[in-house]
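Here's the structure, in structure tokens; my notes come after.
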Amino acid sequence: MYAKGHKITGLNLGVGWAVAVAANYQVSLLLAVLAGICAYVGSNAPDRMEMRWWDKEAGQMKSVIPHRTITHWFAMWLVLGFYLLEEFHDAPQTGALFLLGASFCFGCLLHVVLDMPNKKPIPLFLPKPSFCLGWWGSAERQYTICFITTILMGVYIWWELREHWDYVLQNPKEVASALWQRFNHDLSLLAQR
Ligand SMILES: [Zn+2]
């Protein structure tokens, strides 16, 4: 998948993840939003961490870390993500950084999973590029996948907030203003620290 596809699917993950965190953990709205942003950043990170540049003389893309190697290691993001989430579960009141780290790892994991159907291998369990499904090239089916992840995000958000929709639809202004106030309150608490 190319950068545009990773950005859209990352946005879907980030929004869904922010809702999941806000709905399931006793954390501030600010932290839930930051977790969503970290998931979005993570979903673009495996390519960015390779530090690529365009070599004019050679007429090709070069990178410090070879493409689809260590930064695309499936097992590493999976293990690290769940380890950090577990650390957060152990100490939710002081574990904000663990939650943000886990969110970043889950974003990276989505990136790697969406690169898997392409024809260039990525490292699966061992840190050596060894696995790809070879179903289609990086430029193909991006928008179909983005369409599917957007639908999945919508269905998830509808389901997660299913008990609140009646109230939200009847009082949209009150809900928006309450969320805005809560967000501002979290920000002002942060500023006082
Ligand atoms: Zn990639």
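Of the numbered criteria (1) of a type in the set (Phe, Trp, Tyr); (2) crowded, with 17+ Cβ neighbours inside 10 Å; (3) in contact with a Leu (Cβ under 8 Å, 6 or more places away or on another chain); (4) under 27 Å from Trp180 (Cβ atoms), the one Tyr25 fails is (2). Answer yes or no as to whether Thr94 is of a type in the set (Val, Ile, Thr), touching an Asp or Glu at 6+ places or on another chain (Cβ under 8 Å), farther than 19 Å from Gly16 by Cβ and without any contact (Cβ under 8 Å) to a residue 40 or more places away in the chain. Here the answer is no, as Thr94 does not meet what is asked.
Just one of Leu190, Leu169 is modelled with pLDDT under 90 and over 30 Å from His6 (Cα atoms); which is it? Exactly one of Leu190, Leu169 is modelled with pLDDT under 90 and over 30 Å from His6 (Cα atoms), namely Leu190. Residue count for the range 58-87 under the criterion of being in contact with a strand residue (DSSP E or B) (Cβ under 8 Å, 6 or more places away or on another chain) and of a type in the set (D, E, K, R): the result is 2.
For first residues located in the range 23-46 and closer than 16 Å to Gly81 by Cα, partners that are of a type in the set (Ser, Thr, Tyr) and within 16 Å of the ligand (Cβ to nearest atom) and lie 6+ apart or on another chain with Cβ distances below 7 Å form the pairs Ser43/Thr9; Pro46/Thr71.
The values are calculated or read from the model by the stated rules, or taken from the named source; none is laboratory data. Note that this is a predicted model, so its numbers are computed, not measured. Cβ atoms come from the backbone with ideal geometry, glycine included; neighbour counts cover every protein chain shown.
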